[in-house]
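Single-structure report; data block below.
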Amino acid sequence: MSDLRKRVSGGAIRWINTAGFEIAMANGKHILLDPFLSGEVDGIVCSPMSLDEIERCDYLLLSHIHVDHAADVGRIQKKFPNTNIFVGDLSADPLCEWQGLNCARIYRIRGGETIEFDDLKIEAFSGRHTESPRGYYRNSPKFRLPDGSLDLSAWFGNLELYNYRLTLCDGTRIMVWAGMTSPDQKNRFRGVCSDIALMHVSPKQDFNEFAELIESMGTRIVIPHHYDFTEEFFKKVPDAMKDMSRADQERFIVNGEFQMRNYMEALEETVQVKSPNTELRMLDHHRWYSFGFSLSENE
């Protein structure tokens with residue numbers, strides 16, 4: 001095998017905060033996912049990152065347009081005007097109005113679509129935002145601005161959500177999953193295999209549904225996210241913990257404080273039972289992690 005040549009593939013990923021990630025592909029291009037760089041909403045601060053730290057952005061994908069996912073898209077497009085931006089079909093116009101975007105760089109996504117570039121394949125899957133026991137109603141004060149007009153980000157963020165599977169230029173497949181688990185999703189995603197899955201974690205989710213979803217996707221590495229904002233949110237608004245099941249409240253709230261570490265350990269244990277070959281990797285904010293496969297010639 002003297003003609004075997006060195007081949008290196010893969011890339012790098014870093015967790016910004018909440019659902020925000022940056023991926024550097026093997027060809028040098030960068031992808032931003034739900035980039036919430038400012039990291040602050042309603043007095044809740046969650047690991048902000050300066051826009052100066054983002055050196056390149058070729059593709060930007062949004063799962064939905066809530067503030068903690070889409071608040072900085074306008075600033076990013078201003079710095080990187082040629083960025084290709086992907087957002088749900090219904091949410092595209094509200095996002096452009098809210099963020100003052102150049103719509104020429106917008107790709108309006110619908111579930112079941114596949115968009116393929118020379119170096120990136122994007123498959124879109126319809127998803128669901130996490131639920132509230134009080135429900136979501138368009139005329140609710142929750143979705144209204146002080147002047148009574150519709151809060152575009154809040155309403156369309158709840159109404160429309162997408163998950164994506166990315167196939168990078170080197171063949172690495174990354175599932176970008178957000179929102180709520182439901183009994184149908186383990187069937188919808190069965191066989192949609194990925195090398196890495198970025199998975200939204202919420203105390204509103206059912207442990208078993210989450211674990212069954214991961215098992216059906218056959219993913220080896222799961223990187224959980226969004227739990228960091230939830231932890232800060234519970235500190236600021238402790239009444240929000242009432243949205244959890246009574247059993248989880250009794251299990252994970254101690255002296256009025258939510259025990260996120262205990263919660264994540266319990267979630268990992270459930271995943272290990274359902275999908276023993278899956279590893280949960282919790283990343284540090286803003287730190288780069290490498291991934292990929294390499295094959296080198298013998299010396």
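The values are calculated or read from the model by the stated rules, or taken from the named source; none is laboratory data. The model shown is predicted, which means the values in this text are computed figures rather than measured ones. We place every Cβ from the backbone using ideal geometry, glycine too, and count neighbours over all the protein chains shown.
Which one of these is of a type in the set (D, E, K, R), out of contact with any strand residue (DSSP E or B) (no Cβ under 8 Å at 6 or more places or on another chain) and within 20 Å of Y162 (Cα to Cα): D68, D52, D72?
D72
Being surrounded by 14 or more Cβ atoms within 10 Å (Cβ to Cβ), small (G, A, S) and in a loop (DSSP other than H, G, I, E, B) is the filter here, so list the residues in region 113-139 that pass it.
Taking region 113-139 and keeping what is surrounded by 14 or more Cβ atoms within 10 Å (Cβ to Cβ), we get 113, 115, 119-131, 136.
Imposing the further condition that a residue be small (G, A, S) reduces the set to 124, 126-127.
Residue satisfying the conditions is G127 alone.
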Quick one: would you say T172 is closer than 17 Å to Y59 by Cβ and in contact with an Asp or Glu (Cβ under 6 Å, 6 or more places away or on another chain)?
yes
Filter pass, E279 being under 22 Å from L198 (Cα atoms) and within 21 Å of the chain's Cα centre (by Cα):
yes
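State all residues of region 111-140 that are more than 25 Å from S182 (Cα to Cα), of a type in the set (A, V, I, L, M) and in contact (Cβ under 8 Å) with a residue 40 or more places away in the chain; if no residue qualifies, say none.
Start the filter on region 111-140 by keeping residues that are more than 25 Å from S182 (Cα to Cα), which leaves 115-121, 139.
Narrowing further to those that are of a type in the set (A, V, I, L, M): 115, 120.
Passing the criteria: only L120.
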Restricted to region 144-191 and to residues being in contact (Cβ under 8 Å) with a residue 40 or more places away in the chain, β-branched (V, I, T) and buried (at least 20 other Cβ atoms within 10 Å of the Cβ), the residue nearest to G88 (Cα to Cα) is V176
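Pick out, from region 141-228, the helices (runs of 4 or more DSSP H) lying fully within it that include 1 or more residues that are among the hydrophobic types (A, V, I, L, M, F, W, C). So that I can check it myself, show each step before the final result.
Values: elements: 152-159, 185-188, 207-217.
Hits in region 141-228: 152-159, 207-217.
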Here the residues within region 47-83 that are crowded, with 17+ Cβ neighbours inside 10 Å, over 18 Å from L120 (Cβ atoms) and of a type in the set (D, E) are D68, D72
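Output the residues belonging to region 188-198 that are under 18 Å from L161 (Cβ atoms) and touching a helix residue (DSSP H, G or I) at 6+ places or on another chain (Cβ under 7 Å).
Within region 188-198, the first condition is being under 18 Å from L161 (Cβ atoms), and the residues that meet it are 188-189, 192, 197-198.
Passing the criteria: F189, V192, A197.
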Check whether at least one residue in region 220-235 is among the basic types (K, R) and modelled with pLDDT under 95, and report yes or no.
yes
Contact list, first residue from region 61-90 and among the acidic types (D, E), second anywhere and assigned to a strand (DSSP E or B), beta-carbon distance below 8 Å, six or more apart or interchain, is D68/V41; D89/R108; D89/I109
